[in-house]
1. Can you work out ³J(HN,Hα) from phi for every residue in the range 38-54, in order, using Karplus 6.51 cos²θ - 1.76 cosθ + 1.60 and θ = phi - 60°, giving whole Hz and x for Gly and Pro?
2. May I ask you to evaluate 6.51 cos²θ - 1.76 cosθ + 1.60, the Karplus curve with θ = phi - 60°, for each residue of the range 59-69 and list the ³J(HN,Hα) values in order in whole Hz, giving x for glycine and proline?
3. If amide hydrogens are placed 1.01 Å from N in the peptide plane, which non-local residues have theirs closer than 5 Å to the one on residue 37?
4. Check each of the trypsin sites (Lys or Arg not before Pro) in the range 29-62 and keep only those in coil by DSSP with at most 10 other C-beta atoms within 10 angstrom; list them in order.
5. Report, by chain and number, residues whose modeled amide H sits under 5 Å from the one on residue 63, excluding near sequence neighbours (fewer than 5 apart, same chain).
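What follows draws every value from the coordinates through simple rules; no lab data is involved. Bear in mind that the values here come from a model prediction, so they are computed numbers and not experimental data. When we count neighbours, we look across all protein chains shown, and the Cβ atoms used for this are built from the backbone with ideal geometry, even at glycine.
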Amino acid sequence: MNIEFYEKKYRTGKEIFRTNKLYAINLIEDSEKQLNILDVGCGVGINSSYIVNKGNKVTGIDISSEAIK
């Protein structure tokens, strides 16, 4: 897949869901200690938002500028 594939997906508002992401975010326990997490391939930030709501700090990056807008 190339960058245009992702740009088109995000331009049309179609987030790309993957079950492995759900598994990964469920591994992050609620904790009193704040974690610093790098979300590589964050898309529009759905999973990043979930992780932030659990009390953590997230930096998200994605190949698609459309996703980051």
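1. Karplus-based 3J(HN,Hα) across the range 38-54 equals 9, 9, 7, x, 6, x, 8, x, 4, 6, 4, 4, 4, 5, 4, 5, 8 Hz.
2. These are the phi-based 3J(HN,Hα) values: 10, x, 10, 8, 5, 8, 5, 4, 5, 6, 3 Hz.
3. Those lying under 5 Å, H to H, from residue 37 are 57, 58, 59.
4. 33
5. 41
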